[in-house]
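See structure below.
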Amino acid sequence: MLLKLLLFAIVMILGFSATLGGALMASASGDAIGWVISLVGLVLGIYSLVRVVQINRGYQDHHLDEVLGNPSEIIARWPDPAPGEDREIIVAVRGVFLGRDFAPFAGGYQSLAAITFDRASGALHVEFSSIAPPPHDRPTLDLAVPEAARDAIGDFVDTIRDGPR
């Protein structure tokens with residue numbers, strides 16, 4: 001899957017580059033071949049972009065299905081309290097799910113850098129390290145944990161930070 005993702009990302013970059021190169025060729029020399037190259041590059045670029053998004057969505061759905069199929073992996077789950085959001089928040093051993101979106105604790109492109117939880121307020125702060133070079137900010141998640149899930153989340157965060165007891 002990662003190889004397919006990389007391949008489509010490369011084709012996407014090449015396709016959009018061909019779009020620009022073909023347009024420059026056509027405007028500089030007036031040749032129709034420039035417009036053909038530009039059009040082919042645009043089609044390849046858009047197709048590859050759509051495939052990258054589909055592969056990423058498939059990756060996220062695969063992990064969500066695995067977690068839902070193995071409830072012992074779920075630490076806590078609750079409906080998203082944000083107005084207008086009709087999704088469920090799931091904190092699992094492998095990462096956090098915000099609806100269908102998945103933020104893994106140990107993925108090929110990011111890993112868990114820091115996690116803190118205030119049991120009194122229910123504020124969960126998750127910070128990830130990513131493969132992006134500095135000076136990029138670290139991706140973060142800030143979640144309000146409901147009262148019913150605070151003990152489970154607190155114990156999970158303590159286990160991650162201090163190791164199993």
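The values are calculated or read from the model by the stated rules, or taken from the named source; none is laboratory data. The structure displayed is predicted, hence computed values, not measured ones. Counting neighbours? That spans all protein chains shown, and the Cβs are built from the backbone with ideal geometry, glycine included.
Among residues belonging to the range 128-165 that are assigned to a strand (DSSP E or B) and at pLDDT 90 or above, point out the one that is surrounded by the fewest Cβ atoms within 10 Å (Cβ to Cβ). The residue in question is Asp142. Taken as a whole, the condition of being out of contact with any helix residue (DSSP H, G or I) (no Cβ under 8 Å at 6 or more places or on another chain) and modelled with pLDDT of 90 or more applies to Asp65. Scanning the range 60-74 for residues that are under 20 Å from the mean Cα position of the chain (by Cα) and surrounded by 11 or more Cβ atoms within 10 Å (Cβ to Cβ) yields Gln60, Asp61, His62, His63, Leu64, Glu66, Val67, Leu68, Glu73, Ile74.
Only residues that are under 18 Å from Arg77 (Cα atoms), touching a helix residue (DSSP H, G or I) at 6+ places or on another chain (Cβ under 8 Å), assigned to a strand (DSSP E or B) and of a type outside the set (Ser, Thr, Tyr): list them for the range 112-127, please. Listed by number, the residues that qualify are Ile115, Phe117, Leu124.
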